[in-house]
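J.: Take this structure, written in structure tokens, and hold onto it; I'll ask about it next.
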Amino acid sequence: MPLKRSISRHCMINRNSLYSSLLLIAFVAFFSSCTLEEPDATDKTPPLTLTAEQNLSLTKLTWDHVNVTGFKEYILLQSSSSIPDNPTPVVNQDVSLVARIKDVDITTTSVSASLITPTVCYKLYCAVDDRFMYSPTICIQQNIEFVPGFFDSGCHTSGIDEMVGFDRANNLLASINYKTATISSSEVEFSFNFPSLDLSTWNGITDVFGFDQSSATLKKFTYPSLINTQNVNFNQILWAAKPYQEFVFIASDEFSKGFKVLRRSNLSKVDEKEGVMNSQNIAVFPGDPVTVITFGVTKSKKYTIGADGKILSEQDVSGRLFQPGLQATCAQGHELFIADALGSIFNRNGDKVGSLGNSQNSFIQLIRLSADETKAIFIANENGTQRLHIADLTTLPAVTLLKSFDLPTLNYADIIPENEIIHVVGASFNNSQPLTYILLYPM
């Protein structure tokens with residue numbers, strides 16, 4: 001009997017121990033299971049999606065709407081290689097910030113080709129409360145046309161699908177089809193360093209005019225052969241030269257004869273005046289007579305030119321340049337002329353009527369006008385970042401910025417607005433090889 005009670009008691013202890021063990025297992029299993037606040041560490045699938053679609057030199061990025069509380073912002077990163085799956089967004093020498101979007105309903109953006117690389121990669125982060133969600137990295141092959149050579153000076157004229165550029169790396173003057181990215185003709189030209197070029201048509205004949213400010217020689221080339229046909233030398237700095245119809249107008253530092261009218265056909269002198277000393281740009285406005293204004297930093301003059309090229313009158317005007325650039329960087333219209341580092345806008349009377357620049361930390365590098373002359377298309381360097389801007393000019397002095405695109409760091413030669421597409425031409429050294437890129441942007 002005592003043995004039986006001992007066995008029964010022993011069995012009860014075992015049953016109690018087994019029951020306690022089962023409770024312990026259930027407790028551990030329950031509290032070690034996944035919750036929404038603590039996702040399973042083995043699930044590495046990024047919760048965001050990101051898709052890409054190319055349009056000209058832009059990439060349209062789209063992602064799913066994030067429907068969570070605590071949303072702070074979308075953060076878009078860019079790199080020339082795959083971006084690691086870091087728990088937080090990391091920006092360094094290899095990964096750059098493209099955009100920060102604080103509106104949860106904005107789920108698409110267009111990104112400019114700011115990296116000149118065969119491949120460009122993107123990753124999207126979303127900040128929610130004190131944590132981040134992110135997408136997989138997507139990489140695309142960029143569709144960027146290029147031609148060999150360092151063409152950082154260029155010019156074009158309407159009606160011709162080619163521009164003329166100077167390749168400083170190879171001392172080459174060349175005609176480039178900016179639609180097919182092909183060189184159709186070229187000539188060696190050793191006399192240029194940083195030339196200002198102008199492609200101009202009159203009476204069915206197209207010529208290229210080019211000059212360096214020093215040494216002061218104006219050179220004329222036939223188009224499309226690019227054969228040098230005439231040259232004219234000046235004793236001092238040649239600040240600006242502007243062909244118009246059968247004449248070429250000159251602003252130089254020559255004493256007592258700084259403003260000249262040359263005959264286009266042979267570059268012979270027609271007339272001259274004392275002109276203005278120091279750096280200048282030339283504006284030409286059509287009419288009868290033709291109006292020519294030489295804009296300077298301290299003084300500007302307006303001339304009227306008769307049909308025979310003779311100077312009929314001259315007078316001082318109020319408009320002044322802030323910091324003149326090369327003549328080829330200016331924009332010439334029928335009623336407006338835009339020049340200098342501020343993008344100063346002048347009318348045919350020589351009055352300043354507006355400005356493209358709006359910051360002390362930016363300067364204008366290159367300016368063109370749309371075909372209807374209602375918009376200015378220009379490249380600005382803003383704190384070291386180059387951007388392409390499109391601005392409305394119909395309500396001067398107010399200038400309304402319509403679109404902006406980040407640009408890759410290049411030496412830009414020309415902007416060619418055509419229909420609804422803007423061709424932007426710039427050069428750089430890629431792996432020690434000089435290359436010129438043709439980028440496309442929507443008007």
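The values are calculated or read from the model by the stated rules, or taken from the named source; none is laboratory data. All values reported here derive from a predicted model rather than from experimental measurement. Every residue, glycine as well, gets a Cβ built from its backbone with ideal geometry; the counts of neighbours run over all protein chains shown.
J.: Residue 242 versus (1) out of contact with any helix residue (DSSP H, G or I) (no Cβ under 9 Å at 6 or more places or on another chain); (2) within 21 Å of residue 416 (Cβ to Cβ): which is the lone unmet condition?
T.: (1)
J.: Further question: Condition first: surrounded by 22 or more Cβ atoms within 10 Å (Cβ to Cβ), more than 27 Å from residue 222 (Cα to Cα) and among the charged types (D, E, K, R). Can you find one or more residues in region 297-313 that meet it?
T.: The answer is yes, given that some residue of region 297-313 is surrounded by 22 or more Cβ atoms within 10 Å (Cβ to Cβ), more than 27 Å from residue 222 (Cα to Cα) and among the charged types (D, E, K, R).
J.: Next question, about the same structure. Considering region 120-135 alone, what residues qualify as being assigned to a strand (DSSP E or B) and out of contact with any Gly (no Cβ under 8 Å at 6 or more places or on another chain)?
T.: Residues of region 120-135 that are assigned to a strand (DSSP E or B), as a first pass: 120-128, 131-134.
Matches in region 120-135: 120, 121, 122, 123, 124, 125, 126, 127, 131, 132, 133, 134.
J.: Kindly provide the set of residues from region 297-330 that are among the charged types (D, E, K, R) and more than 16 Å from residue 261 (Cα to Cα), ordered by number. Quick ask: steps written out before the conclusion?
T.: First, pick out the residues of region 297-330 that are among the charged types (D, E, K, R): 299, 301-302, 308, 310, 314, 316, 320.
Of everything in region 297-330, those that are among the charged types (D, E, K, R) and more than 16 Å from residue 261 (Cα to Cα) turn out to be 299, 316, 320.
J.: Same structure again: Quick check on my filter: what residues within region 156-189 are at pLDDT below 95 and among the aromatic types (Phe, Trp, Tyr)?
T.: Residues satisfying the conditions do not exist here.
J.: List the residue pairs whose Cβ atoms are under 8 Å apart, where the first residue sits in region 218-238 and is crowded, with 16+ Cβ neighbours inside 10 Å, the second is part of a loop (DSSP other than H, G, I, E, B) and small (Gly, Ala, Ser), and the two are 6 or more positions apart or on different chains.
T.: Filtered contacts from region 218-238: 219/191; 237/214; 238/214.
J.: Same structure, new question: How many residues, within region 332-369, are under 21 Å from residue 285 (Cα atoms), under 16 Å from the mean Cα position of the chain (by Cα) and either aliphatic (A, V, I, L, M) or not in a strand (DSSP E or B) (or both)?
T.: Counting residues in region 332-369 that are under 21 Å from residue 285 (Cα atoms), under 16 Å from the mean Cα position of the chain (by Cα) and either aliphatic (A, V, I, L, M) or not in a strand (DSSP E or B) (or both) gives 5.
J.: Please give the number of the condition residue 164 fails out of (1) without any contact (Cβ under 8 Å) to a residue 60 or more places away in the chain; (2) within 29 Å of residue 429 (Cα to Cα).
T.: If we test residue 164 against (1) without any contact (Cβ under 8 Å) to a residue 60 or more places away in the chain; (2) within 29 Å of residue 429 (Cα to Cα), just (1) comes out false.
J.: Determine which single condition residue 229 fails, assuming it passes every other condition in (1) more than 30 Å from the chain's Cα centre (by Cα); (2) within 25 Å of residue 304 (Cα to Cα).
T.: (2)
J.: Could you list all residues from region 165-211 that are among the charged types (D, E, K, R) and over 25 Å from the mean Cα position of the chain (by Cα)? If you could, list the steps in order and put the result at the bottom.
T.: Narrowing region 165-211 to residues among the charged types (D, E, K, R): 167-168, 179, 187, 189, 198, 207.
Scanning region 165-211 gives 187, 189, 207.
J.: List every residue pair whose Cβ atoms lie under 7 Å apart, where the two residues are 6 or more positions apart in sequence or sit on different chains, the first residue falls within region 264-276 and is in the same structural domain as residue 237 (by TED's automatic domain parsing), and the second residue, located anywhere, is surrounded by fewer than 18 Cβ atoms within 10 Å (Cβ to Cβ) and among the acidic types (Asp, Glu).
T.: Partner pairs satisfying both residue conditions: 264/246; 273/314.
J.: Taking region 375-401 only, how many residues are of a type outside the set (Lys, Arg) and either surrounded by 13 or more Cβ atoms within 10 Å (Cβ to Cβ) or not assigned by TED's automatic domain parsing to the domain that holds residue 419 (or both)?
T.: Of all residues in region 375-401, those of a type outside the set (Lys, Arg) come to 376-386, 388-401.
Remaining after also requiring either surrounded by 13 or more Cβ atoms within 10 Å (Cβ to Cβ) or not assigned by TED's automatic domain parsing to the domain that holds residue 419 (or both): 376-382, 386, 388-393, 396, 399.
Selection size over region 375-401: 16.
J.: Pick out, from region 394-438, the strands (runs of 3 or more DSSP E) lying fully within it that include 1 or more residues that are under 27 Å from residue 353 (Cβ atoms), touching a strand residue (DSSP E or B) at 6+ places or on another chain (Cβ under 6 Å) and of a type in the set (Ser, Thr, Tyr).
T.: Numbers: elements: 400-406, 411-418, 421-430.
The strands (runs of 3 or more DSSP E) meeting that bar are 400-406, 411-418.
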